[in-house]
């Protein structure tokens, strides 16, 4: 199953949760960008997809996104001077990356448009697609909703988790990550994926 097909399973999961919640309960919509701030790690396959999405933008938008990504990785390098292209999160280490994330939590994603919408929405990473609802697996595990503003919406915050075969998704994602890693992609950030791809553009 391709990366795009895997993402379609996440989109279908979210659509099921949205329908089960009922109209107006889930506040996720274009213009709400509360979860679009601060660096987070994305897989090699998602890094490839993000780069593809940016490359497909109109020239002016593409240049602006790449400039914002370059500025974002420079800020990371100022805080972590040893962290350089390809901005491999695994090489930096979990503790250092978490600390970096805390310090840059207010920084907007370079793919965030002026209207609060994602400029590469169809190419956004799995992490973005998983935010907004809690998830339950057939094995009985629960992934909590990481929406940072859910406390403002009591009915939304109290929604039960939506079932999803996370283990099956992760098995497919692991295969796609292996293929992307063979092409030179690493576990990085959205800014790192864009900035690294821009070097060869």
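What the table shows:
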{"item": "Positions within the stretch 113-160 being under 30 Å from residue 58 (Cβ atoms), out of contact with any helix residue (DSSP H, G or I) (no Cβ under 9 Å at 6 or more places or on another chain) and in contact (Cβ under 8 Å) with a residue 40 or more places away in the chain, in sequence order", "result": "115, 116, 117, 131"}
{"item": "Of all residues making up the stretch 42-62, the number that are surrounded by 14 or more Cβ atoms within 10 Å (Cβ to Cβ) and part of a helix (DSSP H, G or I)", "result": "14"}
{"item": "Members of the stretch 75-90 found to be touching a residue at least 40 places away in the same chain (Cβ under 8 Å) and more than 20 Å from residue 106 (Cα to Cα), listed by number", "result": "85, 86, 88, 90"}
{"item": "Failed item in (1) under 30 Å from residue 185 (Cα atoms); (2) free of Cβ contacts under 8 Å to residues at least 24 places away in the same chain; (3) not in a helix (DSSP H, G or I), with residue 39 passing the rest", "result": "(2)"}
{"item": "Count - residues of the stretch 171-201 that are surrounded by fewer than 14 Cβ atoms within 10 Å (Cβ to Cβ) and either touching a strand residue (DSSP E or B) at 6+ places or on another chain (Cβ under 7 Å) or under 15 Å from residue 127 (Cα atoms) (or both)", "result": "1"}
{"item": "Exclusive hit being out of contact with any helix residue (DSSP H, G or I) (no Cβ under 7 Å at 6 or more places or on another chain), in contact (Cβ under 8 Å) with a residue 24 or more places away in the chain, more than 18 Å from residue 152 (Cα to Cα) and part of a helix (DSSP H, G or I), set 12, 20", "result": "20"}
{"item": "Failed condition for residue 66, given (1) in contact (Cβ under 8 Å) with a residue 24 or more places away in the chain; (2) out of contact with any strand residue (DSSP E or B) (no Cβ under 9 Å at 6 or more places or on another chain); (3) surrounded by fewer than 13 Cβ atoms within 10 Å (Cβ to Cβ)", "result": "(3)"}
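Read the figures in this text as sums done on the coordinates, not as results from a lab. Predicted model, so just to flag it, every value in this text is computed and none were measured. Don't worry about glycine lacking a Cβ; one is built from the backbone with ideal geometry, like all the others, and counts go over all protein chains shown.
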